[in-house]
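Enquirer: Dropping the structure in here first, questions after.
The values are calculated or read from the model by the stated rules, or taken from the named source; none is laboratory data. Please read all numbers here as calculations on a predicted model, not as lab measurements. For neighbour counting, all protein chains shown are included, and Cβ atoms are generated from backbone atoms with ideal geometry for every residue, glycine included.
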Amino acid sequence: MTAMPSDLPTRAKEASSAARVLFITRKWGPAVGGMETYSERLSEELARLHPVDVIALKGRDNGLPPTALALLLFPFTVLRRLFALRDAPAIIHCGDMAIWPLGLMARAFFPKAHLVLSAHGTDVSYGLRGGFLGNVYEAYQKLGARLLGRAGVIANSHATRDRLKDIGWQPRAVVPLATDLRAGPPTSFDRDTILFAGRLITQKGCSWFVREVMPRLPETMQLTVIGTRWDASEDAVLDFPRVNFLGPMAQTELARHFAAAACVVMPNIERANGEFEGFGLIAPEAASVGGVVLASATGGLKDAVIDGETGFLLPPGNAQAWADRILAIRDWNAAARADFIAQSQLAARRHFSWRRVAEATAQAYTP
């Protein structure tokens, strides 16, 4: 069970001689999401290595993020907690790039502390969308880079790191994310079921896959789509005769579908504006529970899949290459499939672990 902010210093007694960390985040439970999981699990594992104080903005009880009013008031909560802190931190760690002003505020209280920020995909790629909001956000991030030029930034992928450099930040380390999903070896699967999981947005390539890859596969093969309707332009693919849309799903049930499909596809396409997937947590999640992952070799997916070990990276936009790989996996015999999945689960659990994330993050704290 994830520790709440007030629990963490107690759990870190064995690390009392290490540098104290102040972790500030606007992403926390009961809200549900990848950044919420990151903040909670990283804080929990860091507490084994460092004494940790957490200032977190909790989500709503229904699983949604905080209200706009709560977000606007959060800086005052941070200010109040900064006044109340008994021990000065050596490290101030902000959980995402959007809250860099809070890091600036905290460092005004503790000028000797070293400031670190975590960078996720949307943190740095949103500005690539252009338009009024995209341009304003890009300017906001460039201002942060100028004001906090000596801050260390931890990127969740090499693609995120490269984008940080373009904006003007100084990425210190690349620390891929992790998953707690676990399951035993799959007992059965459907060789004619392909699974796509995630938000239905253009970048994730579901509509491209349906239009370009599905016609190259046998008529018996079906695509199961699990996720949230997000972009109206993607909805049309759900009417394709060989697509079965199941909507959003709890992680435990999703894990069962990962293992039961012939393969799990992440066919991201490369956008003309340069937007990219920051990491792609579905990849290690699926591999950890016995799914065979196929992902585009683009953006952060190149860090989310260890090619040939936890899945396979394929050229984005190359429909024939995708069809060929899917058919090859469909034709694996039972022993070949079992051997690959056993190797994949072991590699995923070893590499995509929160303890590894915490240890790599702690190493990146050193200026």
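Enquirer: Would you be able to tell me the number of residues in region 176-205 that are assigned to a loop (DSSP other than H, G, I, E, B) and of a type in the set (Ser, Thr, Tyr)?
Expert: 3
Enquirer: From the list 267, 316, 367, 284, which residue is surrounded by fewer than 17 Cβ atoms within 10 Å (Cβ to Cβ) and of a type outside the set (Asp, Glu)?
Expert: None of the others qualify; the one that does is 367.
Enquirer: Going through 361, 366 one at a time, which residue ends up being in contact with a strand residue (DSSP E or B) (Cβ under 7 Å, 6 or more places away or on another chain) and farther than 24 Å from residue 261 by Cα?
Expert: 361
Enquirer: If you scan region 204-229, which residues turn out to be under 22 Å from residue 129 (Cβ atoms) and out of contact with any helix residue (DSSP H, G or I) (no Cβ under 9 Å at 6 or more places or on another chain)?
Expert: 205, 228
Enquirer: Here's a follow-up. Return yes or no: is residue 274 farther than 18 Å from residue 343 by Cβ and under 15 Å from the mean Cα position of the chain (by Cα)? Give the steps one after another, and end with the answer.
Expert: Values: farther than 18 Å from residue 343 by Cβ: yes; under 15 Å from the mean Cα position of the chain (by Cα): no.
No; evaluated as a whole, the condition is false for this residue.
Enquirer: Look at residue 160 and say whether it is hydroxyl-bearing (Ser, Thr, Tyr), touching a residue at least 40 places away in the same chain (Cβ under 8 Å) and touching a Lys or Arg at 6+ places or on another chain (Cβ under 8 Å).
Expert: For residue 160, the condition - hydroxyl-bearing (Ser, Thr, Tyr), touching a residue at least 40 places away in the same chain (Cβ under 8 Å) and touching a Lys or Arg at 6+ places or on another chain (Cβ under 8 Å) - is not met.
The rows are residues; the columns are (1) in contact (Cβ under 8 Å) with a residue 60 or more places away in the chain; (2) of a type in the set (Phe, Trp, Tyr); (3) in contact with a His (Cβ under 7 Å, 6 or more places away or on another chain); (4) outside the structural domain of residue 304 (by TED's automatic domain parsing).
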{"site": "62", "(1), (2), (3), (4)": "no, no, no, yes"}
{"site": "67", "(1), (2), (3), (4)": "no, no, no, yes"}
{"site": "70", "(1), (2), (3), (4)": "no, no, no, yes"}
{"site": "78", "(1), (2), (3), (4)": "no, no, no, yes"}
{"site": "83", "(1), (2), (3), (4)": "no, yes, no, yes"}
{"site": "100", "(1), (2), (3), (4)": "no, yes, no, yes"}
{"site": "105", "(1), (2), (3), (4)": "no, no, no, yes"}
{"site": "109", "(1), (2), (3), (4)": "no, yes, no, yes"}
{"site": "122", "(1), (2), (3), (4)": "yes, no, no, yes"}
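Enquirer: If you go through region 278-297, how many residues are of a type in the set (S, T, N, Q) and either on the phi > 0 side of the Ramachandran plot or without any contact (Cβ under 8 Å) to a residue 60 or more places away in the chain (or both)? Break it down into steps so the answer makes sense when it comes.
Expert: Start the filter on region 278-297 by keeping residues that are of a type in the set (S, T, N, Q), which leaves 288, 296.
Applying the additional criterion that residues be either on the phi > 0 side of the Ramachandran plot or without any contact (Cβ under 8 Å) to a residue 60 or more places away in the chain (or both) yields none.
Selection size over region 278-297: 0.
Enquirer: Okay, next question. Condition first: among the β-branched types (Val, Ile, Thr) and in contact with a helix residue (DSSP H, G or I) (Cβ under 9 Å, 6 or more places away or on another chain). Now tell me which residues in region 320-367 satisfy that. Steps first, answer last, please.
Expert: So the first thing to find is which residues in region 320-367 are among the β-branched types (Val, Ile, Thr), and the list is 326, 329, 341, 357, 361, 366.
Listed by number, the residues that qualify are 326, 329, 341, 357, 361.
Enquirer: Same structure, new question: For residue 358, indicate whether it is crowded, with 18+ Cβ neighbours inside 10 Å and either in the same structural domain as residue 160 (by TED's automatic domain parsing) or part of a loop (DSSP other than H, G, I, E, B) (or both).
Expert: yes
Enquirer: Across region 302-314, what is the total count of residues that are in a strand (DSSP E or B) and among the β-branched types (Val, Ile, Thr)?
Expert: Looking only at that region, the number is 0.
Enquirer: How many residues, within region 206-249, are touching a residue at least 40 places away in the same chain (Cβ under 8 Å), in a helix (DSSP H, G or I) and closer than 18 Å to residue 324 by Cβ?
Expert: Selection size over region 206-249: 5.
Enquirer: So, one more: Residues that are modelled with pLDDT of 95 or more and assigned to a helix (DSSP H, G or I): does region 47-63 have at least one?
Expert: no
Enquirer: Would you call residue 170 without any contact (Cβ under 8 Å) to a residue 60 or more places away in the chain and at negative phi?
Expert: yes
Enquirer: Which residue is modelled with the lowest pLDDT, if the candidates are limited to region 270-301 and must be touching a strand residue (DSSP E or B) at 6+ places or on another chain (Cβ under 7 Å) and assigned to a loop (DSSP other than H, G, I, E, B)?
Expert: Top of the filtered list is 280.
Enquirer: If I ask for residues that are farther than 18 Å from residue 193 by Cα and assigned to a helix (DSSP H, G or I), which ones from region 341-355 would you list?
Expert: 342, 343, 344, 345, 346, 347, 348, 349, 350, 351, 354, 355
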